[in-house]
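The values are calculated or read from the model by the stated rules, or taken from the named source; none is laboratory data. Bear in mind that the values here come from a model prediction, so they are computed numbers and not experimental data. Heads up, the Cβs are rebuilt from the backbone with ideal geometry, glycines too, and the neighbour counts pull from every protein chain shown. Areas reflect the complete protein model, heavy atoms only, side chains present, ligands, DNA and RNA absent. Shrake-Rupley method; radii C 1.70, N 1.55, O 1.52, S 1.80 Å.
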Amino acid sequence: MPELLEEIRDGVAVLTMNRPERRNALSGEMMGGLREAIPRLATDPAVRALVLTGAGGAFCAGGDVKGMNEGHQSGASQPLQERVQGLRTGMEVSKQIHEFPKPTIAMIPGPAAGAGLSIALACDLRYAAEHAKITTAFAKVGFSGDYGSSYFLPKLVGDAKARELLFFGDVLLAPEAERLGILNGSLPAEELEGSVMAIAQRLAEGPTIAYGYMKKNLNATANGGSIDEVFDLEAMHMSLTGLTEDHKNAARAFVEKRKPTFEGK
């Protein structure tokens, strides 16, 4: 079975991490598949939103700690710089998701831990089943955190809470994670997929070009852009979207008091 499944439903690309026997823990094959698929889908005009999820009732358990332990027991070793470079290459997945020019959603049917949680945090929106367990997990196995945990988490919950969540690695159920701002919503398990796909479909029918520029504006702010830098981007992007067919058609629909149709043009 491939470790990453891909399908497109009415403009929504769905990528499913598929190692259910290990709660979709990350592997070389899975990460290679994500690094290939995400930039390809970013430029595919048939794709107007992206949903990332996991198979078998889990989202992603993060790094394959069982596999790591097996490596330790075998005495396998790797030079530090090779380890750093290999990990840094894998971590590009989180950056690719963060900079994806269309809306992204993490659909979390079950556990999201460690790097798995970091990848979910890189998405624009996150929805989870009410019973899903959310944890940074790194400290529990003597790790400091990767895949953007120290970048994305403070922006959602604030610096002090992010330190607490990383230091202790406590497990949160989805409703508590929603209260803290980690999740946009927690839903009954049987409603999760239908609700998330409806949200994704709504985004896929929206102004794709405008969404891309919105993300660039927001990312510039998140990256510490000054008020003048962000205002300059807003002015440029607002002017560019004003030239799109989507804007012109929507303005006409507004005057005619009807719902606009966006085509990503």
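Cross-link partners for Lys265 among the lysines, with Cα-Cα distance under 25 Å and sequence neighbours closer than 8 places in the same chain left out: Lys102, Lys215, Lys216, Lys248, Lys257.
Arg9 exposes around 80 Å² of accessible area when a 1.4 Å probe is run over every protein chain in place. Computed in the context of the full set of protein chains, the accessible area of the stretch 1-64 at 1.4 Å probe radius has 52% of its extent on carbon or sulfur. For the stretch 97-253, the Cα gyration tensor yields ellipsoid semi-axes of 32, 21, 11 Å (square root of five times each eigenvalue, largest first, whole Å).
Ligands, DNA and RNA left out, the accessible area of the stretch 119-255 computed with a 1.4 Å probe is 59% carbon and sulfur.
Packing here is the average count of other Cβ atoms within 10 Å per residue, and on that basis the peptides 109-116, 257-264, highest first, run 109-116, 257-264. Summarising the label geometry, the points placed 7 Å from Cα in the beta-carbon direction at Glu234 and Phe254 lie 1.6 nm from one another.
Counting only DSSP beta bridges with both residues in the chain, the antiparallel share comes to about 30 percent. Here Ser144 sits with roughly 110 square angstrom of accessible surface, probe radius 1.4 Å. Placing unit charges on C-beta atoms (Lys and Arg positive, Asp and Glu negative, everything else neutral), compute the dipole magnitude of the chain about its Cα centre in debye, rounded to 20. Using Cβ point charges on Lys, Arg, Asp and Glu, the chain gives about 200 debye.
Which translational diffusion coefficient, to the nearest whole µm²/s, is obtained for the stretch 151-193 from the Stokes-Einstein equation, given a Kirkwood hydrodynamic radius over C-alpha pairs, 20 °C and 1.002 mPa s? After rounding, the answer is 191 µm²/s.
Quick one: accessible area per residue over the chain, 1.4 Å probe, rounded to a whole number of Å²? Per residue, the chain has 52 Å² of solvent-accessible surface.
Taking label positions 7 Å along the Cα-Cβ direction at both Arg163 and Ala198, the computed distance is 4.2 nm, reported to one decimal. Ranking Phe254, Val171, Ala37 by how far each Cα lies toward the positive end of the dipole of the chain (charges on Cβ) leaves Phe254 at the top.
Each peptide in 52-60, 97-105 receives the mean, over its residues, of other Cβ atoms within 10 Å, and ordering these scores from highest gives 52-60, 97-105.
So what is the relative contact order of the chain, in percent, for Cα pairs below 8 Å that sit 6 or more residues apart?
On the way: 456 pairs, mean separation 43.5, N = 265.
Normalised by residue count, the contact order of the chain is 16 percent.
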